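What follows is one structure encoded as structure tokens, with my remarks underneath.
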Amino acid sequence: METVERLKSEFSSSLTSLPSTNANETLLLLSENEALKKLVKSISTEFDILFTLLVVDRPPEAFELNYVFSRYRDSALLTIRVNLNHDKPVIDSIAKILPSAEWEEREAYDLFGIKFRGHPDLRRILLQDDWPGRPLRKDFVVTDEIRNWTGLDLKF
Amino acid sequence: MKDSTQNKITINIGPVHPSTHGVLRFIVDISEDTIVKVDPEIGYVHRGVEKMAEMKNYNSFMPVADKLDYIAALNWEVLYADVIEKALNVSITPRTVYIRTIMCEIQRIMSHLLFLAHVGEDLGNTTLFMWGFRERELLMDVVEEVSGGRLAPMYMSIGGVYYDLTLSFGRRLLEVLDTIEHKVKNEYKAISYQNDAFRLRTVGVGVMSKEFGISHGLTGPNIRASGVKRDLRKDSPYLAYDKVDFEVITENDGDAYARFMVRINEILESIKILRQAIKEIPSGETKVKVPWFFKIPPKYTFVRHETPRGEAAMYLVTNGDLKPYRLKIRAPSFYAIQAIKDLLVGNKVADLVTILGSLDPVPGEIDR
Amino acid sequence: MIYDFFYNWFNGFLSPLLSFILGWVAVFIIGVLITLNIPIILGWVDRKLSARIQSRYGPTYNGPFGLLQNIADVIKLMGKRFITNRNVDTLVLNIVPVALSLLAFIMVFIIPWGNPNLILVSVPFNLLFIYIAMALSPLFVLLAGWSQNNKYAMLGGFRGAAQITTYELSLLLIFVGVGMLSGSYNITTIVNAQSHIWYIMYLPIMFIVFLLSSLAITERAPFDLPEATQELQAGWKIEYPGIRYGLFFIAEYVRLAIAAMLLVYLFFGGWNGPVLPDYIWFWAKTAVVTFVLMSLRWVFNRPRMDQLIKIGFNWLLPLSVINLLIVGAVLFY
Amino acid sequence: MINEEPNADEFSYPGLGEVMFMKAENFINSVLSWGRSRSLWPLTFGTKCCAMEMIPFGATKVDADRTGTLFVGDSPRQADLILCSGTISKKMVRRLLSAYEQMASPKYVIAVGACNISGGLFHDSYNSIEGIDRIIPVDVYIPGCPPRPEMFMDAVLALQKLIRENKEQGH
């Protein structure tokens, strides 16, 4: 695809192509996290929708963020993969560029604890504010204590 | 001019409210009956489905996938089965392909009928509500005849379907489709889309431009109502959609009425697909042997389908174990509710229910 | 007049003062019985009718054809615990349902029931009294909305007051038009004036206006915006549990019945009609009108608040004025 | 003597007035429980799949209105019965509790569906409550995942029977 060629020439040092197992998908690994915002800005004219944001927790090395972009013209997919430091998962927010990313990033913050710099409204989205822990992390084990916790102070 | 924020009232709608289509919550700031700010809050039926997928083996997750979107359960079953089959490199038999297509389309009609019913209820027209459910029951019976279940049928298995179609299925389905086509074209017309009181409430309400819909990631009937000709069944055909003849329904206005009309016409289009599929269904096996416990080698598998609410996708990450390493579920309603906070501003507070209903969200798949 | 009948009957064997008191007591008891029975009967009809339109059965388990259903509802509502929120104006909160059903009671008192003699207490200008009883209700709706300390209730109260006030204006103009034609504000005179030609021939537009206005004033769907379930839960009734909630049904259904009867009296010639006796004519007409008023609820969805007010002020009010002017001009020449 | 006379200090036969009072009380109680049982207005606390079967329960085919179960759809204040269905998540618990507390006594609870009774399919989830009877008292349980609309009817009739026989006083 010409977009991929253009991106590769633009971000030559930090962008590498990976083989993808899915049809129509182009998989690119971005090694320089700071360049994400610029990259998204440059592809947002071509790929107009952030289809989904897949976060994979791979302890102890990294959080693997897969930004899956799609477009309405055809069924082409473009996946940008970014690896984050597991101890300090911080990355730039792209919610200002693509409004559809806003809640996906809030969800990643809620369930994984990944912080997005410059996000307009970074709060928990699915769980309540006093919920203990980040449930989708691999080190989070569903114990009886968690299952019995109601967040209420009930006395019978 | 007076500052409009001075006489601002904050009202809380939901999570238990008759018109929120489940348990959504909106914290709405209104000023003189006009909405100035909306803060949707979701997560009231968050069950941690993605974590549960990591705790169960592949087959045991099927009933959970069934209950993600309880209005279009069969579509999600097909999607999940498809993801696992893609990852396993299992190809299903031609008869299964057709059975799944038929089931997906039946579910689409059921889902859209429920949508019509709910819009009727939101606008205070209880009769449309009851009628929508009356016609939905007919299809429920057909599904029940094949699968034994009504709402959450658990009909798809990995590698096929659990039971073959019954002998009377085709005849019975065609009868039901005739009834529904007649009712949608006549009775529903009188009470909803040709009714002046109905048009008064929906035409020009919640207008969503093409650009707005695209940038907010809306898919399915919601974006088709804004004039974007985008349907995964046509664009990247899966199942038997490349073998049947149908059209992608679009409307240009992008208001609540257009979204309603897209669904009405999609019901008729689905009836067309079903009639063809019933005629062309091949005979043969309905199952491919897949063991109950199996391992999938490390890979990323991405599959997306067109559910009644839009483009749903599952991203499966495996690591050679009996369980998925990570399963990401992309729910189309999630994006619709995300868009609503910009869409509602400037509308009247009474239009909140109209716009929300016309986007057809399901909390089950939003919260997962 | 039923009061006169009782007075004369008691006066036959009792002193005038005692028969005066007993006459009023008897009339009062009859009025209360009628007021309480209207919601029970009309509520049953409403539920059955809605069920048949929606291809259901409606109540069947309680009594024959579910006739005892609403009695069960009333018993249940009376047996509920009397709870009141903190931070509400308790006095106002409790006065409103009583006051609204009292207004309904007054209307029952002064309207003729299908015959000029079948009237509990005859009042010279009973049409105007009925108008006043209807016109007072937005005050109580507003009070109810304000007293509950609830935002839904307050919005519902504002909506209710605005809606009823808007449509009362057209209603008043209709009454004036009818009064001009017949030369009286007494329902008996109005009906007798229609013995040759019904007023719907003179006031066709006003009939439509009255139909819509009466729906709006009775706050029934499609004009049930103050209590729109899907928007405001129960609107200004939201914090009323138990029998206080039941009292609102009295107000609602009595006003519906009065509206249907007024439609018959003002536009369809009341008890006038050939061959058959007058009470058959009257009740047949009332049944048809009630049926129409009720079934409108199940066919149309509700408009928005601004649209409702717009309909009232931009269409119904000017149309009423035009019709009134035409009538005035015709009568003048 | 085998049958000893009861001591007058400890026991006395009720007087006529007392008997009349007790009879009247019984009569009023039976009328009240008849009314209560035949007019159960539910608060539809539906969160998930079961809610989608709760609506057909009120719609054309099963028609809850036959038994007087009128879906007024109003606020909890006017409801007598919570039809609590679906998974109750940890975020939802306090809403359930406050909805329950807003209802006027006597009030009844029907727990609908496996998730609601015991956690069901989602019992090992980190965010669901394993049974609402940990939070509020439940009168009738409807099993199933999801239950059929006819089962809702059965449950309402069972609750009506319990109320009429004074086995269930409400809360």
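Every read-out reported here was derived from the displayed coordinates using simple, explicitly stated rules and does not represent laboratory data. In this text, all values refer to a predicted model and were calculated from it rather than measured experimentally. In this analysis, Cβ positions are derived from the backbone assuming ideal geometry, glycine residues included, and neighbour counts consider all displayed protein chains.
General remarks:
- For a label point 7 Å along the Cα-to-beta-carbon line of residue A:152, residues of segment D:47-85 with backbone N under 15 Å: D:82-85
- Qualifying chymotrypsin sites (Phe, Trp or Tyr not before Pro) in segment B:152-200, DSSP loop, other Cβ atoms within 10 Å at most 11: none
- Annotation for segment D:112-149: chymotrypsin sites (Phe, Trp or Tyr not before Pro) lying in DSSP loop with at most 11 further Cβ atoms inside 10 Å of their Cβ do not exist.
- Extension gain from residue C:28 to residue C:9, taking 0.36 nm per residue of separation minus the Cα-Cα distance: 5.2 nm
- Between amide H atoms placed 1.01 Å from N, distances below 5 Å from residue D:88 occur with D:129, all of them 5 or more places distant or on a separate chain.
- Spin-label model distance (nm) - residue C:117 vs residue B:285, 7 Å beyond Cα toward Cβ: 9.2 nm
- Taking amide H as placed 1.01 Å from N in the peptide plane, the amide H of residue A:69 sits under 5 Å from that of A:51, A:78, A:79, A:80, each at least 5 places away or on another chain.
- Degrees between helix D:149-164 axis and first principal axis of chain D (Cα, 0 to 90, nearest 10): 20 degrees
- Note on residue B:37/residue C:149: beta-carbon distance plugged into 1/(1 + (r/R0)^6) with R0 of 35 Å gives a FRET efficiency of 0.90.
- Centroid-to-centroid separation of segment B:281-333 and segment A:107-156 [C-alpha atoms, Å]: 27 Å
- Counting every other Cβ atom within 10 Å of each residue's Cβ, C:180, C:134, D:22 order from fewest to most as D:22, C:180, C:134.
- Fraction of antiparallel bridges per DSSP, the protein assembly as shown only, in percent to nearest 5: 70 percent
- For residue C:150, no residue 5 or more places off, or on another chain, has a built amide H under 5 Å of its own.
- Estimated inter-spin distance, residue D:27 and residue B:210, nm [label 7 Å along Cα→Cβ]: 7.8 nm
- Backbone HN-Hα couplings from phi across segment A:14-20 [Karplus 6.51/-1.76/1.60, Hz, Gly and Pro as x]: 9, 10, 10, 7, 10, x, 10
- For chain B, the gyration tensor built on C-alpha atoms gives an oblate shape. Its axis ratio a/c (a ≥ b ≥ c) is at least 1.5, and a/b is not larger than b/c.
- Contact order relative to length of chain B, as percent, for alpha carbon pairs under 8 angstrom and 6 or more apart: 26 percent
- Listed values for segment A:57-67 are Karplus-derived 3J(HN,Hα) couplings in whole Hz (6.51 cos²θ - 1.76 cosθ + 1.60, θ = phi - 60°), namely 8, 10, x, x, 6, 8, 9, 9, 9, 10, 8, and x replaces Gly and Pro.
- Averaging Cα coordinates gives a centre for segment A:7-47 and one for segment D:12-54; these two points are 69 Å apart.
- Backbone phi angles across segment C:169-182, fed through the Karplus curve with coefficients 6.51, -1.76 and 1.60 (θ = phi - 60°), yield HN-Hα couplings of 4, 5, 4, 4, 5, 5, 4, 5, x, 5, x, 5, 5, 9 Hz in residue order; Gly and Pro are listed as x.
- Rounded to the nearest 0.05, the FRET efficiency derived from the C-beta distance between residue C:18 and residue D:18 at R0 = 30 Å is 0.20.
- By definition, a body whose alpha carbon gyration tensor gives a ≥ b ≥ c is oblate when a/c is 1.5 or more and a/b is not larger than b/c, and segment C:1-154 fits this oblate description.
- When B:358, B:236, C:147, A:9 are arranged by Cβ crowding within 10 Å, least crowded first, meaning fewest neighbours, the order is A:9, B:236, C:147, B:358.
- Links that overshoot a 27 Å alpha carbon limit, given the list C:76/D:167; A:88/B:328; B:295/D:48: B:295/D:48
- For segment C:2-332: relative contact order, % (alpha-carbon pairs under 8 angstrom, 6 or more apart): 21 percent
- 0 to 90° range, to nearest 10: angle between helix B:73-88 axis and chain B longest Cα axis: 50 degrees
- Segment C:63-168 shape via C-alpha gyration tensor axes, a/c threshold 1.5: oblate
- Each Cα pair under 8 Å and six or more residues apart adds its separation to the average, and for segment A:1-123 the resulting relative contact order is 21 percent.
- GNM top mover of C:141, C:288, C:108 - chain C, alpha-carbon springs below 10 Å: C:288
- Of B:37/B:185; B:341/C:151; A:38/B:56, those spanning more than 28 Å from alpha-carbon to alpha-carbon: B:37/B:185; A:38/B:56
- Each part reduced to its alpha carbon centroid, segment B:172-205 and segment C:267-333 end up 30 Å apart.
- Relative to the longest principal axis of the Cα atoms of chain B, the long axis of helix B:94-122 lies at roughly 20 degrees.
- Screening chain A for whole DSSP H helices with an alpha carbon extent of at least 30 angstrom along the helix axis and a mean Kyte-Doolittle hydropathy of at least 1.6 yields nothing.
- Loop GluC sites (Glu not before Pro), segment D:73-171, which have at most 16 other Cβ atoms in a 10 Å radius of their Cβ (DSSP): D:165
- Between residue C:310 and residue B:181, the distance separating the two model label sites (each 7 Å from Cα on the Cα→Cβ line) works out to 3.9 nm.
- Footprinting exposure proxy for A:21, C:286 (fewest neighbouring C-beta atoms within 10 Å first): A:21, C:286
- The residue C:55 and residue B:144 beta-carbon pair, evaluated with R₀ = 22 Å, returns a calculated FRET efficiency of approximately 0.60.
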